[in-house]
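Taking it in order: structure first as C-alpha cells, then the write-up.
The values are calculated or read from the model by the stated rules, or taken from the named source; none is laboratory data. Everything numeric in this text was worked out from a predicted model, so none of it was measured. So basically every Cβ, Gly included, is an ideal-geometry build from the backbone, and we count neighbours across all protein chains shown. Each accessible area value is taken on the protein alone, full model and side chains, heavy atoms only, with ligands, DNA and RNA left out. Shrake-Rupley method; radii C 1.70, N 1.55, O 1.52, S 1.80 Å.
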Amino acid sequence: LEYLLFRGYTKSFRALLREQHDDKTLAFHSSKVVDQLFAHIFALDLKSFQELWLFLNARFFAHLDREHALAMERCRQRLLRLYVVTCVKKGRREEATAFFARHAAELDTSGRSGADS
C-alpha cells in the first residue's frame with residue numbers, strides 16, 4: 001500500500017482500500033471471519049450472518065468432503081442456537097419467537113445422539 005502512495009497512485013490506493021473494506025473473505029484470515037460471524041450474532045443481525053454463511057458455503061464449504069461438510073452444518077446449527085440464546089439474554093424474545101417460526105426445521109435435533117447436540 002505504501003508503494004502506491006509513494007509512486008503517486010492515489011486513485012489505485014483508494015480503490016484497493018475500498019476493495020479490502022468490502023472483501024467478504026476478510027483476506028482469508030480465519031480469525032477475522034469467525035469474529036465477523038460472532039459479531040453478526042451478538043448484534044442480532046441474522047440477515048448479515050446468513051449472507052456471510054451462504055457466501056462461505058458457496059465459496060469454501062461446498063468443496064469439502066462429506067464428513068467435513070456435516071461438521072460445518074453442525075457448526076451452523078450451533079451458531080443459530082447461539083443467536084436464539086443471545087436474543088433471549090438481551091430480552092428480545094419476540095425476535096427469538098420469529099426466528100423459531102421461520103427456522104424451526106433447521107434446528108431439529110431429533111435422531112441425533114447426545115454427543116452431537
Name the pairs: first residue in the range 3-30 and at pLDDT 80 or above and open to solvent by 90 Å² or more (accessible area, probe 1.4 Å), second residue among the hydroxyl-bearing types (Ser, Thr, Tyr) and not in a helix (DSSP H, G or I), Cβ to Cβ under 6 Å, at least 6 apart or on different chains? none
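For (1) open to solvent by 50 Å² or more (accessible area, probe 1.4 Å); (2) among the small types (Gly, Ala, Ser); (3) under 30 Å from Tyr3 (Cα atoms); (4) at pLDDT 95 or above, each residue gets a yes or a no:
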residue: Gln36; (1), (2), (3), (4): yes, no, yes, no
residue: Ile41; (1), (2), (3), (4): no, no, no, yes
residue: Leu54; (1), (2), (3), (4): yes, no, no, no
residue: Asn57; (1), (2), (3), (4): yes, no, no, no
residue: Phe61; (1), (2), (3), (4): no, no, no, no
residue: Arg66; (1), (2), (3), (4): yes, no, no, no
residue: Ala98; (1), (2), (3), (4): no, yes, no, no
residue: Arg102; (1), (2), (3), (4): yes, no, no, no
residue: Ser117; (1), (2), (3), (4): yes, yes, no, no
Pairs, please: C-beta under 9 Å, at least 6 apart or cross-chain, first residue within 19 Å of Lys90 (Cα to Cα) and in the range 36-56, second open to solvent by less than 60 Å² (accessible area, probe 1.4 Å) and among the acidic types (Asp, Glu)? Ala39/Asp45; Leu44/Glu95; Leu46/Glu95
